[in-house]
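K.L.:
Take a look at the following structure, please.
What follows draws every value from the coordinates through simple rules; no lab data is involved. Not measured: the values here are computed from a predicted model. Cβ coordinates were reconstructed from backbone atoms using ideal geometry, including for glycine residues, and neighbour counts include every protein chain displayed.
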Amino acid sequence: MSEYLFYFLAFVSIFAALLVVTAKNPIHSVLFLIVTFFAIAGQYIILNAQFLAIVHIIVYAGAIMVLFLFVLMLLNLNKESEPVKSYLMKGIGVLAGCLLALVMVAALHKSTMSPALGNPNEDIGLVGNLGKVLFKEYVVPFEVSSLLFLSAMIGAVMLGKRDPKIEPVNEITN
Amino acid sequence: MKVPIEHYILLSTVLFCIGVMGVLLRRNAIILLMCVEIMLNAVNLLMASFSTYHGDAAGQIFVFFIMVVAAAEVAVGLALIVMIYRNFKTTDINLFNKLKW
């Protein structure tokens, strides 16, 4: 049962990710990205990582996507205004991506996976167990990440604030 | 746990390469940030699957920290894009070539 669910979710996530890249309208890109994120959250549930699935939905679909949509609406970019690259550049981009995939798959093909260690503990993904590991072994990175958040918040506010002394440049000199 | 780990690696590889292709193909800076998010999610998925297959919780903690970094990155990146748009009235990255070469 969970096998079929895995393949279905994998198909959905790859298809939606392709649509994110190819959609003309940025709003459609954001909506397909939300589909991708929900498919990945489903993968986490299949992997018995319930806490990660919930955090993933809250952080990505709840916060980051709202931020993206907000900026797109604020900048009035919700129309197909993007100039397209030349076909040569598009072809080179697709070729480079496919070559990267080829190299990675070839490296995977040559390597041998060590088998899963016996029958691993099924409930390491629950909140209690993850919390114990996080606050026993990874306390310092956890606290440092709060500093990172603080600096990101200050940086975002500083960047977003309008400076009255600087006149906006209307023409870009190319 | 019946799905072999190789399939998770393949799925993550494909998602990562789609993200790379998006960064190479698109010119809108906001969509570039979204493609970076796809790449981060591919890595997250692989980390979580390794964590489950080997019964080690450290992988899921790393996913947690990657999410923290991704959230901070998106906040700062979108603030930068808003400031650039305010000054230049566009988010086309091909016009911002002062730092190129």
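K.L.:
Given an 8 Å cut-off on Cα distances and at least 6 residues of separation, report the relative contact order of chain B as a percent. Let's see the in-between values first.
P.N.:
Numbers: 78 pairs, mean separation 28.1, N = 101.
It comes to 28 percent, rounded to a whole number.
K.L.:
Another question, then. Select from the stretch B:1-42 those trypsin sites (Lys or Arg not before Pro) which occupy a DSSP coil region and have at most 11 other Cβ atoms within 10 Å, ordered by residue number.
P.N.:
Details: sites: B:Lys2, B:Arg26, B:Arg27; in loops: B:Lys2, B:Arg26, B:Arg27.
Filter output for the stretch B:1-42: B:Lys2.
K.L.:
How big is Rg to Rh over the stretch B:27-92, alpha-carbon atoms, Rh as the Kirkwood inverse-mean-distance radius?
P.N.:
Using Cα coordinates only, the ratio equals 1.17.
K.L.:
Mind sorting A:Met153, B:Met47 by how few other Cβ atoms lie within 10 Å of their own Cβ, fewest first? Each step should come with its number before you reach the end.
P.N.:
Values: A:Met153 14, B:Met47 20.
Ascending number of Cβ neighbours within 10 Å: A:Met153, B:Met47.
K.L.:
If you rank B:Cys17, A:Cys98 by fewest surrounding Cβ atoms within 10 Å, what's the result? All intermediate terms of the calculation are to be shown ahead of the outcome.
P.N.:
Values: B:Cys17 24, A:Cys98 13.
Lowest to highest Cβ neighbour count: A:Cys98, B:Cys17.
K.L.:
Enumerate by residue number the trypsin sites (Lys or Arg not before Pro) in the stretch B:42-101 meeting two conditions: DSSP loop (anything except H, G, I, E, B), and at most 11 other Cβ atoms within 10 Å of the site's Cβ.
P.N.:
On the way: sites: B:Arg86, B:Lys89, B:Lys98, B:Lys100; in loops: B:Lys89, B:Lys98, B:Lys100.
Within the stretch B:42-101, the qualifying trypsin sites (Lys or Arg not before Pro) (loop, at most 11 other Cβ atoms within 10 Å) are B:Lys98, B:Lys100.
K.L.:
From the phi of every residue in the stretch B:19-32, what ³J(HN,Hα) in whole Hz does the Karplus formula 6.51 cos²θ - 1.76 cosθ + 1.60 yield, where θ is phi - 60° and glycine or proline is x?
P.N.:
Each residue's phi maps through the Karplus curve to give x, 4, 4, x, 4, 6, 8, 8, 10, 7, 5, 5, 5, 4 Hz.
K.L.:
How large is ³J(HN,Hα), in whole Hz, for each residue of the stretch A:10-25 in order, when computed from phi with the Karplus curve 6.51 cos²θ - 1.76 cosθ + 1.60 and θ = phi - 60°, using x for Gly and Pro?
P.N.:
Coupling constants for the stretch A:10-25: 4, 4, 4, 5, 5, 4, 5, 5, 4, 5, 4, 6, 9, 5, 6, 8 Hz.
K.L.:
Determine ³J(HN,Hα), in whole Hz, for all residues of the stretch B:78-84 in sequence, where each value follows from phi through the Karplus function 6.51 cos²θ - 1.76 cosθ + 1.60 and θ = phi - 60°; x replaces Gly and Pro.
P.N.:
Each residue's phi maps through the Karplus curve to give 5, 4, 4, 5, 4, 5, 4 Hz.
K.L.:
Just to confirm the filter: which trypsin sites (Lys or Arg not before Pro) across the stretch A:1-106 are DSSP coil and have at most 16 other Cβ within 10 angstrom of their Cβ? Please list the in-between numbers first.
P.N.:
Numbers: sites: A:Lys24, A:Lys79, A:Lys85, A:Lys90; in loops: A:Lys24, A:Lys79, A:Lys85.
Of the trypsin sites (Lys or Arg not before Pro), the ones in loops of the stretch A:1-106 whose Cβ has at most 16 other Cβ atoms within 10 Å are A:Lys24, A:Lys79, A:Lys85.
K.L.:
Pairs A:Lys161/B:Lys100; A:Lys24/B:Lys100; A:Lys136/B:Lys2; A:Lys24/B:Lys89: which are spaced more than 24 Å apart, C-alpha to C-alpha? Can you show the working numbers first?
P.N.:
Working: A:Lys161/B:Lys100 27 Å; A:Lys24/B:Lys100 26 Å; A:Lys136/B:Lys2 32 Å; A:Lys24/B:Lys89 19 Å.
Flagged as over cut-off: A:Lys161/B:Lys100; A:Lys24/B:Lys100; A:Lys136/B:Lys2.
K.L.:
Treat every Asp and Glu Cβ in the protein assembly as shown as -1 and every Lys and Arg Cβ as +1, leave all other atoms uncharged, and give the resulting dipole magnitude about the Cα centre to the nearest 20 debye.
P.N.:
Details: 17 positive and 15 negative charges, 166 e Å.
Using only the charged Cβ atoms, the result is roughly 800 debye.
K.L.:
Working from the pairwise distances between different alpha carbons, so that the mean of 1/r is found and then inverted, what is the stretch A:1-81's Kirkwood radius in Å?
P.N.:
Numbers: mean 1/r = 0.0748 Å⁻¹.
Its Kirkwood hydrodynamic radius stands at 13.4 Å.
K.L.:
Within a 10 angstrom radius of the beta carbon, how do A:Ser86, B:Ser51, A:Ser13, A:Ser2 rank from fewest other beta carbons to most?
P.N.:
A:Ser86, A:Ser2, B:Ser51, A:Ser13
K.L.:
Shifting gears a bit: Quick one: plug the Kirkwood hydrodynamic radius of the stretch A:123-162 (C-alpha pairs) into Stokes-Einstein at 10 °C, 1.306 mPa s, and report D in µm²/s.
P.N.:
On the way: Rh = 12.0 Å.
Here the translational diffusion coefficient equals 133 µm²/s.
K.L.:
In addition: Report the gain in length on full extension from A:Asp123 to A:Leu88: 0.36 nm times residue separation, minus Cα-Cα distance, nm rounded to one decimal. It would help to have the intermediate numbers written out before the result.
P.N.:
Values: separation 35, 0.36 × 35 = 12.60 nm, distance 5.02 nm.
7.6 nm is the gain from fully extending A:Asp123 to A:Leu88.
K.L.:
Further question on the same structure: How are the Cα pair distances of the protein assembly as shown distributed, in percent, across 10 Å bins from 0?
P.N.:
Per 10 Å bin, starting at 0, the Cα pair percentages come out as 6, 26, 32, 23, 10, 2, 0.
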